[in-house]
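Heads up: the structure comes next, in structure tokens.
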Amino acid sequence: MSKAETKPVEMRCGGPADGERATEAVRVDVLTSRDVPLGGPRAMTVRRTLPQRARTLIGAWCFADHYGPDDVSVTGGMDVAPHPHTGLQTVSWLFSGEIEHRDSLGSHAFVRPGELNLMTGGHGISHSEVSTPRTTVLHGVQLWVALPEALRDADRDFQHHAPEPVRADGAEIRVFLGSLAGHTSPVRTFTPLLGAEIVLQPRAALTLAVDPGFEHGLLVDQGKVRLSGTLVGRAELGYAHPGADALTLANESDDIARTVLLGGTPFEEEIVMWWNFIGRSAEDIVQARQDWMEGRRFGEVQGYDGAPLPAPELPTVPLKPRGKRR
Ligand code: MN
């Protein structure tokens with residue numbers, strides 16, 4: 001795929017003509033997930049849809065893990081010891097359960113269903129994530145956003161936001177980043193982004209106006225959802241190419257369907273991703289790893305019961321940039 005494929009957006013004057021628009025074809029690819037154990041003695045397994053061979057990014061979204069519903073008495077829940085991040089933001093969004101977050105800024109927060117927790121790593125931050133003893137079922141998504149080069153060293157930050165649910169056409173929408181269905185999240189992003197949970201009633205169908213400059217990904221948590229004509233199953237990510245000014249979501253099941261819609265303008269930079277780091281070169285990654293192992297740059301997490309995570313060994317093959325040039 002190359003940039004030349006992106007079709008120029010047609011100008012429209014005189015207001016929307018929704019009846020006409022709905023018939024336009026939207027190109028949707030279905031990306032399947034792979035199971036990834038998070039590591040540790042009683043490790044939970046997540047379903048990863050980004051990055052994968054066919055696609056590294058959707059907008060600046062560069063990582064999508066989907067997990068649960070997990071009975072924590074069986075899986076052991078989540079217990080991720082202090083670990084570093086650079087060049088990215090982490091987005092935690094839960095459907096069920098509770099996670100205790102601590103970071104090297106001194107933030108101590110509880111991640112709860114329907115509430116955005118956004119951590120900006122900037123040049124370097126570290127955090128721990130542990131499901132709380134109150135949690136019986138853990139279920140949610142863990143997402144990362146790549147920071148653009150000019151803002152890669154942005155101030156480290158931790159933000160919390162609980163969006164008001166918006167109701168429309170048999171759906172309940174929580175917009176945690178960007179704008180959708182007439183609702184705009186107050187949380188600042190570094191590139192144009194969209195992040196929203198959309199819950200559809202049985203057999204409900206919904207058409208949403210979207211930014212034609214965006215590409216979108218619909219992660220289906222529960223149910224079977226037809227995204228602008230293409231069926232997307234549970235734990236799959238439907239990728240809608242840029243150029244669509246509306247997306248249609250149709251729940252093809254007799255139960256509630258739950259989805260997370262991600263979007264953004266295509267990220268124009270190549271990135272190097274390794275472990276918990278995003279850089280622009282292999283040297284960036286080697287330096288970040290060394291700084292973590294030697295106790296520099298990422299600060300210290302207070303209050304976690306246990307040792308920080310050591311970085312894995314670097315691969316013997318060179319770290320290659322991914323993203324724009326595919
Ligand atoms: Mn993390």
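The values are calculated or read from the model by the stated rules, or taken from the named source; none is laboratory data. Since we're looking at a predicted model, the values are computed, not measured. Every residue, glycine as well, gets a Cβ built from its backbone with ideal geometry; the counts of neighbours run over all protein chains shown. Protein only, heavy atoms only, side chains kept; ligands, DNA and RNA dropped before computing areas. Shrake-Rupley method; radii C 1.70, N 1.55, O 1.52, S 1.80 Å.
With a 1.4 Å probe and all protein chains left in place, how much of the accessible area of the chain comes from carbon and sulfur atoms, in whole percent?
On the way: 7430 of 14820 Å².
The computed percentage sits at 50.
The alpha-carbon atoms of segment 50-164, seen along their principal axes, cover 44, 37, 32 angstrom, with the largest extent given first.
How much of the DSSP bridge set in segment 19-264 is antiparallel, in percent, rounded to the nearest 5? Could you put the intermediate results ahead of the total?
On the way: 93 of 93 bridges.
DSSP beta bridges in segment 19-264 are roughly 100 percent antiparallel.
Rounded to a whole number of µm²/s, how large is the Stokes-Einstein D of segment 26-111 at 37 °C and 0.692 mPa s, given Rh as the Kirkwood radius over C-alpha pairs? Calculated translational D: 219 µm²/s. Per-residue extension of 0.36 nm, minus the Cα-Cα distance of residue 188 and residue 324, leaves a gain of 46.5 nm for this segment. Residue-wise HN-Hα couplings along segment 307-314, as the Karplus relation 6.51 cos²θ - 1.76 cosθ + 1.60 with θ = phi - 60° gives them from phi, are 7, x, 6, x, 6, x, 5, 5 Hz; Gly and Pro carry x.
What ranking of 120, 32 comes out by heavy-atom accessible area, probe 1.4 Å, highest first? Write out the running numbers ahead of the final one.
Working: 120 5, 32 80 Å².
Listed by decreasing accessible area, they come as 32, 120.
Normalised radius of gyration for segment 130-208, please: alpha carbon Rg relative to 2.2 N^0.38 Å, two decimal places.
Taking N as the residue count of segment 130-208, the ratio is 1.35.
Kindly state, to the nearest 0.05, the FRET efficiency for residue 207 paired with residue 108, given R0 = 51 Å and r defined as their beta-carbon distance. Don't skip to the answer; put the middle values down first.
Working: r = 42 Å, r/R0 = 0.81.
It comes out at approximately 0.75.
Each 20 Å bin from 0 upward holds the following percent of the Cα-Cα pairs of the chain: 32, 59, 9, 0.
How many Å² of accessible area per residue for the chain, probe 1.4 Å? Per residue, the chain has an accessible area of 45 Å².
Between Rg and the Kirkwood Rh of segment 225-326, both from Cα atoms, what is the Rg to Rh ratio?
Working: Rg = 20.1 Å, Rh = 17.8 Å.
Rounded to two decimals, Rg/Rh equals 1.12.
For residue 125, nonlocal amide neighbours, meaning residues 5 or more places apart or on other chains whose placed amide H falls under 5 Å from its own, are 85.
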